[in-house]
Amino acid sequence: MPHRGYPAWKAGQTAWELHFSHWRGPIAKLEVWTDWAFTGQAHDLFGRLSYLGVPVHGFRTTGTGSPDPFGRSLYIDTFDSAYGSGWKRETSTVFRNPTGAFCYSFWPTNDRSLPGAPRRPAGNGKRYRVTVQGPGVTPDVAWEGAGLHDYNPHNSADVAYERQRAGIFDQVVAGDKFCPTQR
């Protein structure tokens with residue numbers, strides 16, 4: 001699916017997929033949290049993927065950002081956002097080595113993966129969904145949760161929520177150079 005809620009422009013971008021599994025046993029654990037990043041300037045999702053307590057990650061990505069055979073892409077969708085009503089694809093990214101973590105902030109952007117690199121608004125939504133193919137041949141896993149309102153630094157509940165989430169963020173992404181703990 002095209003990123004940033006952009007309409008499909010190729011036939012394959014509207015194709016449905018069916019994934020099924022006859023797996024028995026533990027499945028991967030996908031943990032996702034919502035918060036605000038950069039002193040409340042952006043809405044943010046962060047989390048991690050693990051299997052049997054071990055972080056799931058690849059070792060490198062291609063020039064277009066696809067993971068190696070060990071890595072997993074995660075897909076972020078946004079519901080009822082600036083892109084329009086219903087579910088729209090925001091982006092895809094990979095889980096980081098060595099933590100199995102990811103972080104993603106919603107910003108306006110000129111997405112070069114889209115025809116003409118159009119300016120797209122921040123995809124803040126009423127809800128978010130994260131999906132990922134399970135490691136190896138394990139089943140796909142998904143998370144869905146409510147979006148946040150815009151951050152208000154004068155609202156004590158917002159300040160307390162962000163402080164609590166910043167503590168979780170620092171634990172989840174500790175040691176990751178892409179997701180700095182001092183945001």
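Annotations for the structure displayed:
- Checking each residue in region 63-80 for being under 16 Å from ARG120 (Cα atoms) and either touching an Asp or Glu at 6+ places or on another chain (Cβ under 8 Å) or acidic (Asp, Glu) (or both) picks out ILE76, ASP77, THR78, ASP80.
- Any hit, region 70-88, residues being in a loop (DSSP other than H, G, I, E, B) and either acidic (Asp, Glu) or within 20 Å of ILE168 (Cα to Cα) (or both): no
- Scanning region 42-99 for residues that are hydroxyl-bearing (Ser, Thr, Tyr) and within 12 Å of the chain's Cα centre (by Cα) yields a total of 6.
- Candidates ALA117, ALA166, filtered to the one that is touching a strand residue (DSSP E or B) at 6+ places or on another chain (Cβ under 8 Å), at pLDDT below 95 and surrounded by 12 or more Cβ atoms within 10 Å (Cβ to Cβ): ALA166
- Those residues of region 120-166 which are small (Gly, Ala, Ser), part of a strand (DSSP E or B) and more than 13 Å from the chain's Cα centre (by Cα), in sequence order: ALA146
- Condition check for VAL94: of a type outside the set (Gly, Ala, Ser), in contact (Cβ under 8 Å) with a residue 60 or more places away in the chain, touching a strand residue (DSSP E or B) at 6+ places or on another chain (Cβ under 9 Å) and more than 27 Å from TYR161 (Cβ to Cβ): no
The values are calculated or read from the model by the stated rules, or taken from the named source; none is laboratory data. All of these numbers come straight from a predicted model, not from anything done at the bench. Cβ atoms come from the backbone with ideal geometry, glycine included; neighbour counts cover every protein chain shown.
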